[in-house]
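Colleague: Mind looking over this structure? Questions follow.
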Amino acid sequence: NKAAASAAKEVNDGLKEFCGKTKDMGGFVNGTSEIKGLAKFVEFPFTYAKDDQRWSDDGLHLKPLGYSEFGKALAFPVEEILAELRQNKTEKQQMQKKSWWRKKQKPN
């Protein structure tokens, strides 16, 4: 379906652009941890083909094999995001400790 393919391309192009912009955006999670670049665009790992065993007969939903491959394609980008969150949390904790120590060292 050409209309569906065109709509999907338009949405994906917009998402890809948004994800590119978030690399430089600052934000907060739970009001405490600064984040940057947590939106990552991942190309869909396979295209639709009528007889492909990864797609349901409706051509929209995946079969278990398709979900498995889709999950594997997302695993590394999700791990990158989680590693970045852990690093940001550790850096923030280190800055808080240094700040506390500096305040403690200053004479009243």
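Read-outs: derived from the displayed coordinates by stated rules, not from any lab. Since the structure is predicted, the reported quantities are computational estimates derived from the model, not experimental observations.
Colleague: Near residue 63, which aspartates and glutamates are there with a Cα under 16 Å away, not counting those fewer than 8 places off in the same chain?
Modeller: The qualifying aspartates and glutamates are 51, 52.
Colleague: Explain nothing, just compute: Karplus ³J(HN,Hα) = 6.51 cos²θ - 1.76 cosθ + 1.60, θ = phi - 60°, for every residue of segment 50-56 in order, whole Hz, x for Gly and Pro.
Modeller: Once rounded to whole Hz, the list reads 3, 9, 5, 6, 8, 10, 5.
Colleague: In addition: How long is the gain from residue 52 to residue 96 if the chain were fully straight, where each residue apart is worth 0.36 nm and the alpha carbon distance is subtracted?
Modeller: Numbers: separation 44, 0.36 × 44 = 15.84 nm, distance 5.32 nm.
Length gained, residue 52 through residue 96: 10.5 nm.
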